[in-house]
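Following: one structure in structure tokens, then a few remarks.
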Amino acid sequence: ASPDFARSNILVRTTLSGSKEISELAANINTYAQDNFPPDLKVKPTGNLILLTETTGDIITGQIGSLSLAAGVIFIIMSAMFLSARVGLIAMVPNVFPIIIFFGLMGISGAVLNLGTSIIASIALGIAVDNTVHLMTRLSAEVNAAPDQETALLRTLGTVGKPSLYASVILFLGFLVLYFSTFVPIQEFGILSAATMVVAFGADVILLPALLATTKIITLWEVLYLKLGRDP
């Protein structure tokens with residue numbers, strides 16, 4: 001208690017560790033205080049566990065909000081770039097797929113969503129989008145010169161696919177080095193990031209071409225720079 005007995009601190013030890021259990025405990029404490037303590041007596045549950053639980057909740061909320069916003073903006077840009085909402089949806093599949101696999105790997109491995117692991121999904125989304133734009137832009141150019149869509153896809157993978165492979169291998173090895181750290185959060189960040197880079201590359205060079213095998217695409221700048229001549 002404070003010298004003037006205006007405040008007191010009650011220390012309670014617990015074996016609880018799950019975020020849901022701790023949140024329920026804090027809510028029960030508040031409910032009990034409202035029902036049994038005088039109205040002018042304020043009770044506030046606090047401590048490391050509660051603060052960590054609130055931080056985790058903020059991370060999850062921020063993760064959902066940021067990924068949703070990023071995915072929405074990317075869809076709009078893709079749809080505008082290729083003049084088709086359908087193509088925009090197709091382009092989102094290989095970008096969202098690595099994120100789903102990433103959270104699945106977290107669940108299987110038991111990794112915790114923290115400040116370090118929470119940025120992996122954003123990194124994967126950015127790299128996947130970069131490869132997607134390169135592949136689709138190149139495909140739109142190859143379609144005009146190739147006799148069919150399959151040939152255009154093969155030419156695209158033969159040109160843009162190689163730089164994407166090299167970049168993905170470098171990123172994979174760069175993140176994998178962090179796995180040899182003695183600090184567990186760094187280890188988790190390294191191995192999860194490396195695995196997600198592999199999935200993102202596979203989604204762009206396998207899943208995306210499969211989705212575009214029968215879909216004709218055209219870019220916005222092809223329309224803007226189209227020369228109709230004197231007699232369109």
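Below are the figures for this structure:
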| read-out | value |
| --- | --- |
| Mean-position separation - Cα centroids, the range 102-180 and the range 78-101, in angstrom | 13 |
| Over the chain: helical MRE at 222 nm, DSSP H runs n ≥ 4 each giving -39500 (n - 2.57), nearest 500 | -23000 deg cm²/dmol |
| Rg in Å to one decimal, and Dmax rounded to a whole Å, for the range 21-89 via C-alpha atoms | 21.6, 64 |
| 18 Å reach of a label modelled at Val184, 7 Å along Cα-to-Cβ, counting backbone N of the range 14-42 | 15-20 |
| Relative contact order of the chain, defined on C-alpha pairs under 8 angstrom at six or more residues apart (%) | 21 |
| Normalised convex hull volume, the range 1-137, alpha-carbon set, Å³ per residue | 165 |
| Carbon/sulfur fraction of accessible area - the chain, other protein chains in place, 1.4 Å, % | 67 |
| 18 Å cut-off, amide nitrogen to a point 7 angstrom out along Ile218 Cα→Cβ, residues in the range 149-169 | 149 |
| With at most 12 other Cβ atoms within 10 Å, longest stretch of the chain clear of loop trypsin sites (Lys or Arg not before Pro) (DSSP) | 43-215 |
| Cα-based reach from Lys20 at 28 Å (exclusive), listing lysines while leaving out same-chain residues under 8 positions away | Lys42, Lys44 |
| Mean-position separation - Cα centroids, the range 197-232 and the range 16-44, in angstrom | 56 |
| Whole-number percent relative contact order across the range 77-195, with pairs defined as alpha carbons under 8 Å at least 6 apart | 23 |
| Over 18 Å [Cα-Cα, the range 139-192], rounded percent | 53 |
| Cα pair distances exceeding 15 angstrom across the range 1-51, given as percent | 53 |
| Cα-based Kirkwood hydrodynamic radius, the range 181-232, one decimal, Å | 15.1 |
| Kyte-Doolittle at least 0.5, axis length at least 30 Å by Cα - qualifying DSSP helices, the chain | 48-81, 85-109, 120-145 |
| The range 117-215: GluC sites (Glu not before Pro) falling in loop per DSSP and having at most 14 other Cβ within 10 Å | none |
| Per-q log10 I(q)/I(0), the chain, q = 0.10, 0.13 Å⁻¹ (Debye; single scatterer per alpha-carbon; no solvent) | -0.64, -0.86 |
| Contour minus Cα-Cα distance for Lys227 and Glu21 (0.36 nm per residue) | 67.6 nm |
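The values are calculated or read from the model by the stated rules, or taken from the named source; none is laboratory data. Note that the coordinates shown come from a computational prediction; the quantities given were computed from them, not determined experimentally. Please note: Cβ atoms are built from the backbone with ideal geometry, for glycine as well, and neighbour counts cover all protein chains shown. Heavy atoms of the whole protein, side chains included, go into the accessibility calculation; ligands, DNA and RNA do not. Shrake-Rupley method; radii C 1.70, N 1.55, O 1.52, S 1.80 Å.
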